[in-house]
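> One structure, as structure tokens, below. Some questions next.
Each reported figure results from applying straightforward, stated rules to the coordinates on display, with no laboratory input. The model shown is predicted, which means the values in this text are computed figures rather than measured ones. Cβ atoms come from the backbone with ideal geometry, glycine included; neighbour counts cover every protein chain shown.
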Amino acid sequence: VGDAQVPVFGKTSAGNPVIIVGSYRFNKDTRCKGPKIRWRCVKVPFGCRAAIYTVDDIIVKTVNAHNH
């Protein structure tokens, strides 16, 4: 029995893309161009290094290095 979280793609109130996985929120890295996108945890200003990588909205890699 796993505790896999289903990612939810959405938009912020400002219209920016976001992914929500469990209680964590990830914003799109604005430097990414093309089909491969890095999504960074919203707590990155506080040192969180967690990230999600997608290709055409399919998650291909996760880095679950949350510090919170």
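> Could you work out the local net charge near Ile20, counting Lys and Arg as +1, Asp and Glu as -1, over the other residues with Cβ closer than 13 Å to its Cβ?
For residues surrounding Ile20, the net value is +3.
> In addition: Ranking Lys11, Lys43 by Cβ neighbours within 10 Å, fewest first, what do you get?
So the residues, fewest neighbours to most, are Lys11, Lys43.
> If you average the sequence gap of Cα pairs under 8 Å that are 6 or more apart and divide by the length of the chain, what percent do you get for the contact order?
For the chain, the relative contact order is 19 percent.
> Once phi is turned into θ = phi - 60°, what whole-Hz ³J(HN,Hα) does the Karplus curve with 6.51, -1.76 and 1.60 give for every residue of the range 12-21, x standing for Gly and Pro?
6, 5, 8, x, 7, x, 8, 10, 10, 10
> For Thr30 paired with Val60, estimate the spin-label separation in nm (one decimal), with each label point 7 Å from Cα along the Cα-to-Cβ line.
2.5
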